[in-house]
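Following: one structure in structure tokens, then a few remarks.
The values are calculated or read from the model by the stated rules, or taken from the named source; none is laboratory data. Note that the structure is predicted; figures quoted are calculated from it, not measured. Here the Cβ positions follow ideal geometry from the backbone for every residue, glycine too, while neighbour counts run over all protein chains shown. Quick note on the areas: whole protein, heavy atoms, side chains included, nothing else; ligands and nucleic acids left out. Shrake-Rupley method; radii C 1.70, N 1.55, O 1.52, S 1.80 Å.
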2 protein chains.
Amino acid sequence: MAELLSTTYTRADEAFDCLQTAIVKGELAPGEKIGELELCSRFNLTRGPLREALGRLESRGLLVRRPHAGVKVVSVSASELMELYRIREVMEGLAARQAAERMTDQEIADLQATLDTHERMIDEAQGQAYYQAEGDYDFHHRIATGSRNTKLAQMLLGDLYYMVRMYRYRLSTSTGRPQRALGEHRRIVEAIAQRDGELAEFLMKRHINAARQNIERKIEEGELTI
Amino acid sequence: MAELLSTTYTRADEAFDCLQTAIVKGELAPGEKIGELELCSRFNLTRGPLREALGRLESRGLLVRRPHAGVKVVSVSASELMELYRIREVMEGLAARQAAERMTDQEIADLQATLDTHERMIDEAQGQAYYQAEGDYDFHHRIATGSRNTKLAQMLLGDLYYMVRMYRYRLSTSTGRPQRALGEHRRIVEAIAQRDGELAEFLMKRHINAARQNIERKIEEGELTI
DNA sequence: TTAGCCAATATTGTTGACAATATGATCGCT
DNA sequence: AGCGATCATATTGTCAACAATATTGGCTAA
């Protein structure tokens, strides 16, 4: 189960994907100190590719490595998670502004269709979890790529989202407010459709700020523990 | 020339540093396809640590790797360089705002002293190049760390700065305007000293925006070619 | 009893050899 | 003569053994 992609898929890539999803899904607990050979047997890998993957993961900030002492998954504190949302706020605001300037009409139409799908899922109620977990990231993913800013998309999709998703899985109890979030999404897309970059940036920043405050409040109320 | 740091320094770290500085200084030209064994002989390394370093560099976006085809240094177009400045604008704006809220009085005093040093260097005229190359990054570096936002500092210092510095070296003819930049720096520090985060963010964004427009203009005038 | 030191051990870092694959040139065919 | 396929080569990907080092447990001494 490897040669599915047209481009050749090396063992190191496989190791990287396995470890990344394992960390994101919480199968490797934060703060857990884990040995290389244990990881090898667990994912049927050999140490060479594994070490290369570990280097990449470390450079992405998902784990830390002390020489001769082993690797351990990063444990992000509540305050650090809030800092991630501050970064998302400004970066996704920029992405929304540039997306308003550069997305094609077709992409915008697809984005609106995506929101329709999300709405149906929310109406069918059982889709709440899906909406929060996947739908939300689908929306933000499209805007990041729509910005046509390669490095921006790379940083958002490659670095930040995995850190945030890691905690979305952990505090799996959906953070609520799907209807309100959908409304915010709709207004952002409207601004993009009207090519109003300034408004799109403002709305996106406020949207992420609201999500941050929502999580912050739940943490303070003790509903979520990190 | 290796065991200088208190923490143990592995060959992979050495390889990573060597390659990174080589790329930044332009010793490895962008677009250049380079073999692993050539890199090994050039930096007195063996392939294991080298490959680990290559993985890290790739994940940071400084080079691309195609399986069985070799690595090549990324070549950033002029428009992509401008996109990097857009990202810097929002991220460093956030850094300035958080620095205004969180830097200690001592750190702010040090920052002001740093600017005095820069001013002396500019007055002594020959320091122009230094100021632009190192002094500017010293200033931005201090603010990034002063934000107390670990991930933000990591992304700015680890990813963006190396990409930008890479082109600062290339278009080595100092991009000019040191006096104006120094004045902008001073005003940013004043806002931080007054704990006015909103103003600090505004001034920082305008500062970076000005730097971007300056480069953009020089490129259009043909003074700089990328 | 506890604190500090030392050694054994297990883990990581490194190395060199082996296997798989993309590239480039040569040869044959149209 | 131009184009395509095939094969040799060189480079990368992978593996397993060796060396170096941090940790852990035990021991000694205060």
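For (1) buried (at least 22 other Cβ atoms within 10 Å of the Cβ); (2) in the same structural domain as A:HIS140 (by the TED database); (3) over 24 Å from A:GLU201 (Cβ atoms), each residue gets a yes or a no:
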| residue | (1), (2), (3) |
| --- | --- |
| A:GLU80 | no, yes, yes |
| A:GLU89 | no, yes, no |
| A:LEU94 | yes, yes, no |
| A:ALA109 | no, yes, no |
| A:ALA113 | no, yes, no |
| A:ARG120 | no, yes, yes |
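Of all residues in region A:52-75, those satisfying the criterion of being in contact (Cβ under 8 Å) with a residue 24 or more places away in the chain, within 16 Å of A:MET166 (Cβ to Cβ) and more than 9 Å from every other protein chain (Cβ to nearest Cβ) are A:LEU62, A:LEU63, A:VAL71, A:LYS72, A:VAL73, A:VAL74, A:SER75. Of all the criteria given as (1) within 19 Å of B:PRO67 (Cβ to Cβ); (2) open to solvent by 40 Å² or more (accessible area, probe 1.4 Å), the one not satisfied by A:ARG56 is (2).
Is one or more of the residues making up region B:149-157 within 17 Å of B:MET82 (Cα to Cα) and either away from chain A (no Cβ under 14 Å) or modelled with pLDDT of 90 or more (or both)? Scanning region B:149-157, I find at least one residue that is within 17 Å of B:MET82 (Cα to Cα) and either away from chain A (no Cβ under 14 Å) or modelled with pLDDT of 90 or more (or both), so the answer is yes.
Taking (1) part of a loop (DSSP other than H, G, I, E, B); (2) open to solvent by 80 Å² or more (accessible area, probe 1.4 Å); (3) touching a strand residue (DSSP E or B) at 6+ places or on another chain (Cβ under 9 Å) in turn, B:PRO30 satisfies each apart from (2).
Output the residue which, of all residues in region B:96-107 that are more than 10 Å from chain A (Cβ to nearest Cβ) and either touching a residue at least 24 places away in the same chain (Cβ under 8 Å) or charged (D, E, K, R) (or both), is surrounded by the fewest Cβ atoms within 10 Å (Cβ to Cβ). Spell out how you get there, then give the answer.
Filtering region B:96-107 for residues more than 10 Å from chain A (Cβ to nearest Cβ) gives B:96, B:99-107.
Narrowing the set further to residues that are either touching a residue at least 24 places away in the same chain (Cβ under 8 Å) or charged (D, E, K, R) (or both) leaves B:96, B:99-103, B:105, B:107.
Values: B:ALA96: 30, B:ALA99: 29, B:ALA100: 26, B:GLU101: 15, B:ARG102: 15, B:MET103: 23, B:ASP105: 8, B:GLU107: 16.
Checking each candidate, the answer is B:ASP105.
Yes/no per residue for (1) under 26 Å from A:THR145 (Cβ atoms); (2) within 16 Å of DNA strand C (Cβ to nearest atom); (3) at pLDDT 90 or above:
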{"site": "A:LEU37", "(1), (2), (3)": "no, yes, yes"}
{"site": "A:GLY48", "(1), (2), (3)": "no, yes, yes"}
{"site": "A:GLU80", "(1), (2), (3)": "no, no, yes"}
{"site": "A:LEU84", "(1), (2), (3)": "yes, no, yes"}
{"site": "A:LEU94", "(1), (2), (3)": "yes, no, yes"}
{"site": "A:ASP105", "(1), (2), (3)": "yes, no, yes"}
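Within region B:11-40, residues that are on the phi < 0 side of the Ramachandran plot reach partners that are among the acidic types (Asp, Glu) and part of a helix (DSSP H, G or I) with beta carbons closer than 9 Å, at six or more positions or on different chains, in the pairs B:ARG11/B:GLU52; B:ALA12/B:GLU52; B:ALA15/B:GLU52; B:PHE16/B:GLU52. The residue of region A:15-51 that is nearest to the chain's Cα centre (by Cα), among those that are within 14 Å of another protein chain (Cβ to nearest Cβ) and among the aliphatic types (A, V, I, L, M), is A:LEU19.
Which of the following residues is away from DNA strand D (no atom under 16 Å from the Cβ), closer than 30 Å to B:GLY197 by Cα and within 23 Å of the chain's Cα centre (by Cα): A:ALA95, A:ALA113?
Numbers: A:ALA113 fails: closer than 30 Å to B:GLY197 by Cα.
The match here is A:ALA95.
Contact map, region B:188-202: first residue closer than 16 Å to B:VAL90 by Cβ and assigned by the TED database to the domain that holds B:GLN106, second residue part of a helix (DSSP H, G or I) and open to solvent by 20 Å² or more (accessible area, probe 1.4 Å), Cβ cut-off under 6 Å, separation 6 or more or different chains; pairs are B:ILE188/B:LEU203; B:GLY197/B:ARG97; B:GLY197/B:GLU101; B:ALA200/B:ARG97; B:GLU201/B:ARG97.
Scanning region A:51-87 for residues that are within 16 Å of DNA strand D (Cβ to nearest atom) and in a loop (DSSP other than H, G, I, E, B) turns up A:PRO67, A:HIS68, A:ALA69.
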